[in-house]
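*Asks:* Structure incoming, see below.
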Amino acid sequence: MSGTTRDAKRARTAQRILEAAQEEFATHGYKGTTVRAIAERAGVHASLVMQHYGTKADLFAIAVQLPKDNPQGAKDHLMDVLDVRLGELPPETRALVRSMLTSPEAEASVRTFLDERVNNLEQSFEGDDAQVRALLAVSSILGLTIAQHFLKLSAFDDVPHETLVKAAHAWLSAKT
């Protein structure tokens, strides 16, 4: 009868919702994701999403957390982020990055997001230099995003996407 208790069912439902939210946020970003879409993907009513996680912002904060002390999970996450950032940017990301140097609101939004990414990534790395490695990874991805999508460095035209991702993987996997 194990696994059929009310608590076990509730935990499985919460996990389905969380996994659905991670997929929706990854596919559509924060602004493009709706609670209704998360609920539909999880096979539950939208009110159940709110009952388990509160607001969309609360669910997002949980959905983007990396497992603590899981270096492989952190590397996998960074590779996923790099793959997205080296591809076509969603319009909301493009607008936010373009505005971050001229709009105090956009600057604050980007800073808060990146600070959260550094803190979260740091917790998933091992070693005394975890914060430094997290800071370098997040800053490098931002730099790559700006160099490719806004400055449009011509070198990006000569390097296939797969080569960039492979080189970034080797860089992130290097031991110091």
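The values are calculated or read from the model by the stated rules, or taken from the named source; none is laboratory data. Given the structure is predicted, the values throughout are model-derived calculations rather than measurements. Glycine also receives a Cβ, built like all others from the backbone with ideal geometry; neighbour counts cover every protein chain displayed. The protein model used for the area step is the full one, side chains on, heavy atoms only, and it has no ligands, DNA or RNA in it. Shrake-Rupley method; radii C 1.70, N 1.55, O 1.52, S 1.80 Å.
*Asks:* Take Thr55, Thr93 and sort them by solvent-accessible surface of the protein heavy atoms, 1.4 Å probe, largest at the top.
*Replies:* Thr55, Thr93
*Asks:* Loop-only chymotrypsin sites (Phe, Trp or Tyr not before Pro) in segment 24-56, please: DSSP not H, G, I, E or B, and at most 15 other Cβ atoms within 10 Å.
*Replies:* Qualifying residues, ordered by number: none.
*Asks:* Can you give the accessible area of Asp129 in Å² (nearest 10), computed on protein heavy atoms with a 1.4 Å probe?
*Replies:* 60 Å²
*Asks:* Using θ = phi - 60° and the Karplus relation 6.51 cos²θ - 1.76 cosθ + 1.60, list the HN-Hα couplings for segment 50-62 in order, rounded to whole Hz, with x at every Gly or Pro.
*Replies:* The phi angles translate into 5, 4, 7, 10, x, 8, 4, 5, 5, 5, 4, 4, 6 Hz.
*Asks:* Something else now. Among all the aspartates and glutamates, which ones have a C-alpha under 13 Å from Lys56's C-alpha, if same-chain residues fewer than 8 places away are not counted?
*Replies:* Qualifying aspartates and glutamates at Cα under 13 Å: Glu24.
*Asks:* A follow-up question, please. Give the aspartates and glutamates reachable from Lys166 as a straight Cα distance under 14 Å; neighbours fewer than 8 places away on the same chain don't count.
*Replies:* Reachable aspartates and glutamates: Asp76, Asp80, Asp83.
*Asks:* Quick one: 3J(HN,Hα) in Hz for segment 128-141, Karplus 6.51/-1.76/1.60 with θ = phi - 60°, rounded, Gly and Pro as x.
*Replies:* Each residue of segment 128-141 in turn: 5, 9, 4, 5, 5, 5, 5, 4, 5, 5, 5, 5, 5, 5 Hz.
*Asks:* Something else now. Please list Ser103, Ser139 in order of solvent-accessible area, largest first, computed with a 1.4 Å probe with all protein chains present.
*Replies:* My answer, sorted largest first, is Ser139, Ser103.
*Asks:* Moving to a separate point now. Would you mind classifying segment 106-167 by shape? Square roots of the alpha carbon gyration tensor eigenvalues, ordered a ≥ b ≥ c; an a/c under 1.5 is rounded, otherwise it is prolate if a/b is larger than b/c and oblate if not.
*Replies:* Oblate is the answer for segment 106-167, as a/c is 1.5 or above yet b/c matches or exceeds a/b.
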